[in-house]
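The values are calculated or read from the model by the stated rules, or taken from the named source; none is laboratory data. Remember, predicted model here, so these are calculated numbers, not experimental data. Neighbour counts run over all protein chains shown; Cβ positions are idealised from the backbone, glycine included.
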There are 2 protein chains.
Amino acid sequence: MSARVLVVDDILPNVKLLEAKLSCEYYDVITATSGQEALEKVETENPDIVLLDVMMPGMDGFEVCSRIKSNPEKAHIPVVMVTALTDVEDKVRGLEVGADDFLSKPIDDIALMARVRSLARLKMALDEWRLRENSANQFGVVTEKTNLMQEPVEGARILLVEDKDFDKNKIVQSLSQDLNIVMSVDNGMRAMELISSQDFDIMMVSLNLREEDGLRLCSHLRSNEKTRSLPIVMIAEQDDMPRVAHGLEIGAHDYILRPLEKNELIARVRTQIRRKRFQQRLRSSYEISLSMALTDSLTGLYNRRYLEVHLEKLIANNAHSNKALGVIMMDIDHFKSVNDTHGHKVGDEVLQVFAERLKNNLRSFDLVVRLGGEEFVAILPDVMPERAYFVAERLRRAIADEPVPCSVEGGFLNVTTSVGGAIINNGGHPIAAVLERADKCLYEAKHAGRNCSVFENKGKLDPEQYQEQERSFFDKEVEDALPPDDEDTNATQTQNGASS
Amino acid sequence: MSARVLVVDDILPNVKLLEAKLSCEYYDVITATSGQEALEKVETENPDIVLLDVMMPGMDGFEVCSRIKSNPEKAHIPVVMVTALTDVEDKVRGLEVGADDFLSKPIDDIALMARVRSLARLKMALDEWRLRENSANQFGVVTEKTNLMQEPVEGARILLVEDKDFDKNKIVQSLSQDLNIVMSVDNGMRAMELISSQDFDIMMVSLNLREEDGLRLCSHLRSNEKTRSLPIVMIAEQDDMPRVAHGLEIGAHDYILRPLEKNELIARVRTQIRRKRFQQRLRSSYEISLSMALTDSLTGLYNRRYLEVHLEKLIANNAHSNKALGVIMMDIDHFKSVNDTHGHKVGDEVLQVFAERLKNNLRSFDLVVRLGGEEFVAILPDVMPERAYFVAERLRRAIADEPVPCSVEGGFLNVTTSVGGAIINNGGHPIAAVLERADKCLYEAKHAGRNCSVFENKGKLDPEQYQEQERSFFDKEVEDALPPDDEDTNATQTQNGASS
């Protein structure tokens, strides 16, 4: 994949040499001869990669890198420091300000091209995600800003494949400093076993295993959907560069050469952890956007759109079951007067508490939805009619028996709900008809004086009957899926303060 | 990037040879020696690419390819046909059943590796999108199923960069058959100009331009964000294979060799059009998911979540403007009784018509939101107070003056709305306070007898005053942004049928 590379060096022949090499491989090259010019080009020219000389008069490479990485819009652009310095301290300093790699002058062509290709690929993948994040931001769905350099670098799970005890111990010890959990194994087979049962943030793979070729393992990780984007850091000998280049080609993210230097090791692993977490965050923004499409923002319950999609499935499943589907529709009594008397803020508080109580009194696989306004519906899959009656009454009491805390004088309002229910058998019903049946009963409950439950073919439920019998009716299994007893006891202990 | 490659050939030595070559480059290789086995492995092993022999006993390669491509779950897996046949007809037949390319035996290593690498990259990019589409499907947000092979292959916009008249004419003529629009230019500079002002579905680039290197153009296209994923088909001479391989490496999608064969040309371009449109569809599923998060499913208006994000911005902008922000809150009068008397279906119809009328009577940059239930709000940026009063009355009349068509006896219901408004100056107000101020006036409008508008610091508006003066008040500019006159005339001609 081609890419736009920004070459920065204050010595023109150095710029020209790199430009020629990259251009020959059909990269789009732009150049800068000072730190200041580099920052301007990063801003205006959208490079995919920056090759950055360290020693420059005025603003040096460290400073340039540090400024690029502190700009949330640009921090994801990979930076490779190019230097005649071989001091480990300088290398680590560069990595710590966010550089993705170091290349030593004179530049080895294999190392250069392998590195540029690999970083170009990472950059393109990130760009896709950032594009998506931008459109999510535009919609205002996800407003949290992501910034690569602000990702935490500690507490990652690392899987190390290394059979040399000396280096293994050194790695485990060095990385533990950042509170990482490092698990180490001797061979690829064992690594694949662990990967199948656990999640890791990073893999480190030795290219000098005694019994096998570490690159084979890298290739295998890349070919599996589960591990395709797992960052891989290769561990190699100084004279392994051609194989390292091959590894980058296969899709490894980075490498470190022996003898391992503790600080370099830590810095490189931190870079990978940061990139991994950044990408994860971009992904989860997407998941959040989706889930927001299906939930009610005030109560956090599912919305009508979700109900329509899933009720259809539940009705279809129900056709093949010998149990029934319970549909319980609820409407807060005289809710309009709450809004009119106390304002919308109080109304919203009441809706939130109402939603909370519904959730607490249903099983985890029951579906609770705010249809809109003060109307709610609960769908109970695989339920027997008697159980649906109990649940309806249980929900009604959960509202009526305990005043709702909200911002009014006295701190509480008495609220009640009317409940209408229907039992659906044998599938095949259109959604609208099913909801209509429960709605009709809800209407009857309103006419029967509110704060009561009416079921199709059953009529108004006797509150006392269901309150008394409930405890003995539940079999053990159902009981376990419900909230703990004390909540229930609380509810029945409080006064019955129903308001019309 | 490594990938899992399925090699299919009935002759074992052929399988072994390809396996060795690919394995040496660290691809994960799986094999099959019959068409049936190939289909099973495609199903169970998730290959990223299939290398498929054409001549096999039993089920031949064409049939295998055709079956892979007719399976919506597998159609996106690239298939390369491998054959000793050199007949153009066979080649075209393969492309037409959905093969992505043809390789001739004996296989040229450069061509093989370049092709496999390029297809692996395309596959990975598609996988990312499909993953996302799957999660959208799980949520039930987007239920439409996408299938690569069902994308239309006609009517694409193609930009051809070719300076040889003979081939240029041949391409234009051949591709016009599929109703494509082909624009052709002689050089890269002219191509970049066109691209900056127009959108194309595909680029075709000659690698044998007299004045420049076509690969340089390909590289440039890949380095620009706008054209990064635009499919490129290279046109090359038979002995150009090393440069073609380089082009695939840079990111071109496909190539065709001279002398150009009409049917092959058409088939290859169709494949690219299909892939482009498939990817576009996956992208737009994502955009749809996002927009669903911000709209009300019943009316299509924006929802409260959107209002919260954008009102904040509008208030902030307003701080720097010398105009004001109008906030108009509306509530359908006695809506509960519509639901109770006629059912929810009728209630929903009323809400939909109501929303439609609001939209038709506001400027395109005004913001109309359904807050929930029967409550709506319109935000008017950059508006003078008098204009806000007019608009409020205009909206009120748009509801009251014309009965709402819905499924009741007689076909219409008389509906009215109460309106509360506030004018926000100088920014800096919290959203909740702004909405609260309009809400308070709405409450006053209800108490003043409904079907009227009350504004903060202004009181109840005189309907006759605003109806008469409206026409003369509007300046030309504002007028243009409003719906055509006849709509307005209709509204005032009908009876005033307000119900309480």
### Identity of the residue in segment A:201-230, in contact with an Asp or Glu (Cβ under 7 Å, 6 or more places away or on another chain) and within 14 Å of chain B (Cβ to nearest Cβ), that ends up modelled with the highest pLDDT
A:207
### Message
Tell me yes or no: at least one residue of segment B:361-381 is in contact with a Ser or Thr (Cβ under 8 Å, 6 or more places away or on another chain), touching a residue at least 40 places away in the same chain (Cβ under 8 Å) and among the aliphatic types (A, V, I, L, M).
### Response
no
### Message
For segment B:418-432, which positions are among the small types (Gly, Ala, Ser), within 14 Å of another protein chain (Cβ to nearest Cβ) and under 37 Å from the mean Cα position of the chain (by Cα)?
### Response
B:432
### Task
Any chance you could count how many residues in segment A:279-327 are of a type in the set (Asp, Glu) and not assigned by TED's automatic domain parsing to the domain that holds residue A:455?
2
#### Entry: Sole residue being crowded, with 19+ Cβ neighbours inside 10 Å and in a helix (DSSP H, G or I), chosen from B:354, B:376
B:354
## Note on the structure
Reported set for segment B:8-28 where residues are crowded, with 20+ Cβ neighbours inside 10 Å and within 22 Å of residue B:249 (Cα to Cα) is B:18, B:22, B:26, B:27, B:28
### Query
What strands (runs of 3 or more DSSP E) completely inside segment B:1-111 contain at least 3 residues that are within 14 Å of another protein chain (Cβ to nearest Cβ) and farther than 22 Å from residue B:269 by Cα?
B:4-8, B:28-32
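Condition check ((1) more than 25 Å from residue B:297 (Cα to Cα); (2) at pLDDT 80 or above; (3) more than 10 Å from chain B (Cβ to nearest Cβ); (4) not in a loop (DSSP other than H, G, I, E, B)) across all residues:
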| site | (1), (2), (3), (4) |
| --- | --- |
| A:278 | yes, yes, yes, yes |
| A:316 | no, no, yes, yes |
| A:325 | yes, yes, yes, yes |
| A:345 | no, yes, no, yes |
| A:359 | no, yes, yes, yes |
### Message
Of the residues B:258, B:270, B:275, only one is touching a residue at least 60 places away in the same chain (Cβ under 8 Å) and surrounded by fewer than 21 Cβ atoms within 10 Å (Cβ to Cβ); which?
### Response
B:258
### Message
For the structure I just gave you, tell me whether residue A:363 is in a loop (DSSP other than H, G, I, E, B), surrounded by fewer than 21 Cβ atoms within 10 Å (Cβ to Cβ) and modelled with pLDDT under 95.
### Response
yes
#### Entry: Flag if residue B:60 is crowded, with 20+ Cβ neighbours inside 10 Å and assigned by TED's automatic domain parsing to the domain that holds residue B:112
no
#### Entry: Selection status of residue A:321, within 11 Å of chain B (Cβ to nearest Cβ), of a type in the set (Ser, Thr, Tyr) and surrounded by fewer than 19 Cβ atoms within 10 Å (Cβ to Cβ)
no
### Message
Residue under question is residue B:233, and the condition is that it be of a type outside the set (D, E, K, R), more than 18 Å from the chain's Cα centre (by Cα) and surrounded by fewer than 23 Cβ atoms within 10 Å (Cβ to Cβ); does it hold?
### Response
yes
### Task
With the condition kept exactly as written, say whether any residue in segment A:431-454 is at pLDDT 95 or above and assigned to a strand (DSSP E or B).
yes
### Summary
All-but-one check, residue A:239 against (1) away from chain B (no Cβ under 14 Å); (2) of a type in the set (D, E, K, R); (3) in contact with a Leu (Cβ under 9 Å, 6 or more places away or on another chain), failing number (3)
### Task
For segment B:250-263, indicate whether the set of residues that are touching a Lys or Arg at 6+ places or on another chain (Cβ under 9 Å), assigned to a helix (DSSP H, G or I) and closer than 30 Å to residue B:430 by Cβ is non-empty.
no
### Message
List pairs: first residue in segment B:172-190 and more than 11 Å from residue B:159 (Cβ to Cβ), second residue of a type in the set (S, T, N, Q) and part of a strand (DSSP E or B) anywhere in the structure, Cβ distance under 8 angstrom, at least six positions apart or on different chains.
### Response
B:172/B:184
### Answer residue from segment B:394-405, given it is touching a strand residue (DSSP E or B) at 6+ places or on another chain (Cβ under 6 Å) and buried (at least 21 other Cβ atoms within 10 Å of the Cβ) and is farthest from residue B:451 (Cα to Cα) among those
B:404
### Message
Could you go through segment A:385-401 and let me know if any residue there is over 29 Å from residue A:349 (Cβ atoms), within 14 Å of chain B (Cβ to nearest Cβ) and among the charged types (D, E, K, R).
### Response
no
### Message
residue B:290 - would you say it is within 14 Å of chain A (Cβ to nearest Cβ), closer than 30 Å to residue B:204 by Cβ, assigned to a helix (DSSP H, G or I) and not small (Gly, Ala, Ser)?
### Response
no
### Task
Give the residues of segment B:131-172 that are touching a helix residue (DSSP H, G or I) at 6+ places or on another chain (Cβ under 7 Å) and modelled with pLDDT under 80, sorted by residue number.
B:132, B:133, B:135, B:136, B:139, B:140, B:141, B:142, B:143, B:146
